[in-house]
Amino acid sequence: MHSQDDLLIVEALIKCARECDLHDPDRSGRALTLAESVAGEHGPGLEDALFQIE
């Protein structure tokens with residue numbers, strides 16, 4: 001998989017976390033944890049990962 005694919009997955013996970021936050025906080029937390037893990041492979045954090053998306 002291309003690194004841009006991973007960054008797109010991070011973006012989708014963050015959106016999922018935001019949408020699930022009120023009605024399913026456990027899923028929201030899991031999505032954020034996974035997003036942080038994937039983003040960590042490409043830089044220091046979530047914010048940096050989102051700025052790298054082309």
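The values are calculated or read from the model by the stated rules, or taken from the named source; none is laboratory data. Bear in mind the structure is a predicted one, so any value in this text is a computation, not a measurement. Here the Cβ is made from the backbone with ideal geometry for all residues, glycine too, and neighbour counts use every protein chain on show.
Would you confirm, using the coordinates I've provided, whether Leu32 is without any contact (Cβ under 8 Å) to a residue 40 or more places away in the chain and buried (at least 16 other Cβ atoms within 10 Å of the Cβ)?
Values: without any contact (Cβ under 8 Å) to a residue 40 or more places away in the chain: yes; buried (at least 16 other Cβ atoms within 10 Å of the Cβ): yes.
Criteria met by Leu32.
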Which numbered condition Val38 fails, given (1) surrounded by 14 or more Cβ atoms within 10 Å (Cβ to Cβ); (2) of a type in the set (Val, Ile, Thr); (3) assigned to a loop (DSSP other than H, G, I, E, B): (3)
Qualifying positions in the stretch 1-19 - in contact with an Asp or Glu (Cβ under 7 Å, 6 or more places away or on another chain) and either farther than 13 Å from Ile53 by Cβ or among the acidic types (Asp, Glu) (or both): Asp6
Residue list for the stretch 20-39, restricted to those being out of contact with any helix residue (DSSP H, G or I) (no Cβ under 8 Å at 6 or more places or on another chain) and closer than 18 Å to Leu50 by Cβ: Thr33, Ser37
Single unsatisfied condition, Ser28 versus (1) at pLDDT 95 or above; (2) in a loop (DSSP other than H, G, I, E, B): (2)
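For the stretch 1-27, which residues satisfy the criterion of being more than 11 Å from the chain's Cα centre (by Cα) and not charged (D, E, K, R)? Working first, answer last.
Filtering the stretch 1-27 down to residues more than 11 Å from the chain's Cα centre (by Cα) leaves 1-5, 19-27.
Selection gives Met1, His2, Ser3, Gln4, Cys20, Leu22, His23, Pro25.
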